[in-house]
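Peer 1: Let me begin by handing over the structure; questions about it come next.
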Amino acid sequence: MTLADLVRPARVVVPLRGATLVDAGHVLLDRLVATGAIANPERLLARADEGRPEDLVGMGDRAFLLHYRSDAVAELAVALGTSAAPVSRELGESDETQEARIVLFVVAPPRQAPLYLQVVGAFARLLSRDEVVDAVVRAPSAEAVAALPAWGE
(Lines give C-alpha, C1' and ligand atoms only; values in the text may rest on other atoms or scores of the structure.)
Protein backbone atom coordinates (compact mmCIF):
# COMPACT_ATOMS: atom_id res chain seq x y z
CA MET A 1 0.00 0.00 0.00
CA THR A 2 1.13 3.54 -0.79
CA LEU A 3 -0.42 6.88 0.04
CA ALA A 4 -1.77 6.89 -3.52
CA ASP A 5 -4.20 4.18 -2.40
CA LEU A 6 -5.56 6.55 0.26
CA VAL A 7 -5.54 9.93 -1.49
CA ARG A 8 -8.73 9.56 -3.53
CA PRO A 9 -10.37 12.40 -5.49
CA ALA A 10 -13.68 11.85 -3.67
CA ARG A 11 -11.90 12.60 -0.39
CA VAL A 12 -9.92 15.62 -1.56
CA VAL A 13 -11.36 19.13 -1.21
CA VAL A 14 -10.02 21.88 -3.49
CA PRO A 15 -10.54 24.61 -2.52
CA LEU A 16 -10.93 23.86 1.18
CA ARG A 17 -13.21 26.38 2.84
CA GLY A 18 -12.79 27.45 6.44
CA ALA A 19 -10.59 30.10 7.96
CA THR A 20 -9.81 28.09 11.07
CA LEU A 21 -8.48 24.59 11.53
CA VAL A 22 -11.68 23.61 13.34
CA ASP A 23 -13.80 24.73 10.37
CA ALA A 24 -11.52 23.04 7.82
CA GLY A 25 -11.47 19.86 9.91
CA HIS A 26 -15.28 19.75 9.90
CA VAL A 27 -15.32 20.07 6.09
CA LEU A 28 -12.93 17.12 5.77
CA LEU A 29 -14.84 15.08 8.34
CA ASP A 30 -18.03 15.70 6.35
CA ARG A 31 -16.25 14.42 3.23
CA LEU A 32 -15.23 11.23 5.04
CA VAL A 33 -18.80 10.76 6.23
CA ALA A 34 -20.18 11.31 2.72
CA THR A 35 -17.81 8.68 1.30
CA GLY A 36 -18.68 6.02 3.89
CA ALA A 37 -15.49 5.97 5.97
CA ILE A 38 -17.18 6.90 9.24
CA ALA A 39 -19.52 4.44 10.95
CA ASN A 40 -20.59 6.84 13.73
CA PRO A 41 -20.18 10.49 12.63
CA GLU A 42 -21.54 12.02 15.84
CA ARG A 43 -19.05 10.12 17.96
CA LEU A 44 -16.06 11.08 15.82
CA LEU A 45 -17.22 14.71 15.67
CA ALA A 46 -17.42 14.78 19.46
CA ARG A 47 -13.90 13.38 19.67
CA ALA A 48 -12.56 15.86 17.12
CA ASP A 49 -14.22 18.76 18.94
CA GLU A 50 -12.36 17.86 22.14
CA GLY A 51 -9.28 19.40 20.51
CA ARG A 52 -6.76 17.06 22.13
CA PRO A 53 -3.20 18.16 21.36
CA GLU A 54 -2.14 14.57 20.63
CA ASP A 55 -4.59 14.46 17.70
CA LEU A 56 -2.84 17.25 15.81
CA VAL A 57 0.53 17.60 14.17
CA GLY A 58 1.32 21.11 13.01
CA MET A 59 4.01 21.01 10.36
CA GLY A 60 5.16 24.61 10.52
CA ASP A 61 3.60 26.64 7.73
CA ARG A 62 3.28 23.53 5.53
CA ALA A 63 0.29 21.53 6.76
CA PHE A 64 -1.91 20.46 9.61
CA LEU A 65 -2.39 16.75 10.19
CA LEU A 66 -5.44 15.80 12.24
CA HIS A 67 -5.42 12.11 13.13
CA TYR A 68 -7.82 9.92 15.08
CA ARG A 69 -8.10 6.27 16.02
CA SER A 70 -11.65 5.48 16.99
CA ASP A 71 -14.29 2.76 16.99
CA ALA A 72 -16.45 5.33 15.18
CA VAL A 73 -14.38 4.72 12.05
CA ALA A 74 -15.19 1.97 9.55
CA GLU A 75 -11.83 1.90 7.75
CA LEU A 76 -8.46 3.60 7.48
CA ALA A 77 -9.20 6.70 5.45
CA VAL A 78 -7.70 10.05 4.51
CA ALA A 79 -9.31 13.34 3.56
CA LEU A 80 -7.09 16.14 2.31
CA GLY A 81 -7.82 19.74 1.50
CA THR A 82 -5.93 22.72 0.17
CA SER A 83 -6.96 26.29 0.80
CA ALA A 84 -6.24 29.40 -1.27
CA ALA A 85 -5.78 31.37 1.96
CA PRO A 86 -3.98 29.97 4.99
CA VAL A 87 -6.03 28.05 7.55
CA SER A 88 -5.14 29.12 11.09
CA ARG A 89 -5.18 27.78 14.60
CA GLU A 90 -4.50 29.50 17.90
CA LEU A 91 -1.42 28.46 19.83
CA GLY A 92 -2.28 28.20 23.51
CA GLU A 93 -3.36 31.21 25.49
CA SER A 94 -1.23 33.72 23.59
CA ASP A 95 -2.36 35.67 20.54
CA GLU A 96 -0.03 33.61 18.36
CA THR A 97 -1.39 31.57 15.50
CA GLN A 98 -0.06 28.92 13.17
CA GLU A 99 -1.10 28.87 9.52
CA ALA A 100 -0.91 26.38 6.67
CA ARG A 101 -2.69 25.82 3.36
CA ILE A 102 -2.86 22.01 3.52
CA VAL A 103 -5.04 20.10 5.99
CA LEU A 104 -5.05 16.31 6.29
CA PHE A 105 -7.58 14.28 8.25
CA VAL A 106 -6.53 10.67 8.90
CA VAL A 107 -8.83 8.21 10.66
CA ALA A 108 -8.58 4.52 11.50
CA PRO A 109 -10.23 1.93 13.70
CA PRO A 110 -8.07 0.86 16.66
CA ARG A 111 -7.37 -2.56 15.12
CA GLN A 112 -5.43 -0.83 12.32
CA ALA A 113 -3.07 1.05 14.67
CA PRO A 114 0.20 -0.13 13.06
CA LEU A 115 -0.89 0.84 9.54
CA TYR A 116 -2.36 4.10 10.83
CA LEU A 117 0.98 5.05 12.41
CA GLN A 118 2.81 4.22 9.17
CA VAL A 119 0.41 6.41 7.18
CA VAL A 120 0.72 9.36 9.57
CA GLY A 121 4.52 9.05 9.46
CA ALA A 122 4.58 8.79 5.66
CA PHE A 123 2.50 11.96 5.28
CA ALA A 124 4.74 13.79 7.76
CA ARG A 125 7.85 12.78 5.81
CA LEU A 126 6.41 13.71 2.43
CA LEU A 127 5.06 17.05 3.59
CA SER A 128 8.44 18.00 5.00
CA ARG A 129 9.61 18.35 1.39
CA ASP A 130 9.13 21.77 -0.22
CA GLU A 131 8.53 20.37 -3.70
CA VAL A 132 5.70 18.13 -2.47
CA VAL A 133 4.02 20.94 -0.53
CA ASP A 134 4.31 23.23 -3.56
CA ALA A 135 2.82 20.59 -5.87
CA VAL A 136 -0.10 19.91 -3.52
CA VAL A 137 -0.89 23.60 -3.07
CA ARG A 138 -0.63 24.32 -6.82
CA ALA A 139 -2.86 21.41 -7.87
CA PRO A 140 -6.03 22.95 -9.34
CA SER A 141 -8.46 20.14 -8.54
CA ALA A 142 -9.11 17.11 -6.37
CA GLU A 143 -8.18 14.87 -9.29
CA ALA A 144 -4.87 16.69 -9.75
CA VAL A 145 -4.02 16.36 -6.05
CA ALA A 146 -4.83 12.64 -6.07
CA ALA A 147 -2.72 12.11 -9.21
CA LEU A 148 0.48 13.61 -7.77
CA PRO A 149 3.38 11.16 -8.20
CA ALA A 150 4.66 11.81 -4.65
CA TRP A 151 1.81 9.74 -3.16
CA GLY A 152 3.19 6.65 -4.86
CA GLU A 153 6.65 6.88 -3.31
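Peer 1: Counting only residues that are in a helix (DSSP H, G or I) and among the polar types (S, T, N, Q), which one in region 105-132 is surrounded by the fewest Cβ atoms within 10 Å (Cβ to Cβ)?
Peer 2: Of everything passing the filter in region 105-132, Q118 is surrounded by the fewest Cβ atoms within 10 Å (Cβ to Cβ).
Peer 1: Still on this structure, please answer the following. So which of R8, R43 is closer than 24 Å to E153 by Cβ and charged (D, E, K, R)?
Peer 2: None of the other options fit; the residue is R8.
Peer 1: Taking into account only those residues within region 87-104 that are assigned to a strand (DSSP E or B) and open to solvent by 60 Å² or more (accessible area, probe 1.4 Å), which is modelled with the highest pLDDT?
Peer 2: This residue is R101.
Peer 1: Among the candidates L56, L76, L28, which residue alone is touching a strand residue (DSSP E or B) at 6+ places or on another chain (Cβ under 9 Å), modelled with pLDDT of 95 or more, closer than 20 Å to V119 by Cα and open to solvent by 10 Å² or more (accessible area, probe 1.4 Å)?
Peer 2: L76
Peer 1: When both residues are 6+ apart or on different chains and their Cβ atoms are under 8 Å apart, which pairs have a first residue that lies in region 52-73 and is under 9 Å from V107 (Cα atoms), and a second that is modelled with pLDDT of 90 or more and assigned to a loop (DSSP other than H, G, I, E, B)?
Peer 2: R69/P109; S70/P109; V73/A37; V73/A39; V73/P109
The values are calculated or read from the model by the stated rules, or taken from the named source; none is laboratory data. Keep in mind that what you see is a predicted model, and the values were worked out from it rather than measured. Reconstructed Cβ throughout: ideal geometry from the backbone, glycine too, with neighbour counts over all protein chains shown. SASA here: full protein model, heavy atoms, side chains in, ligands and nucleic acids out. Shrake-Rupley method; radii C 1.70, N 1.55, O 1.52, S 1.80 Å.
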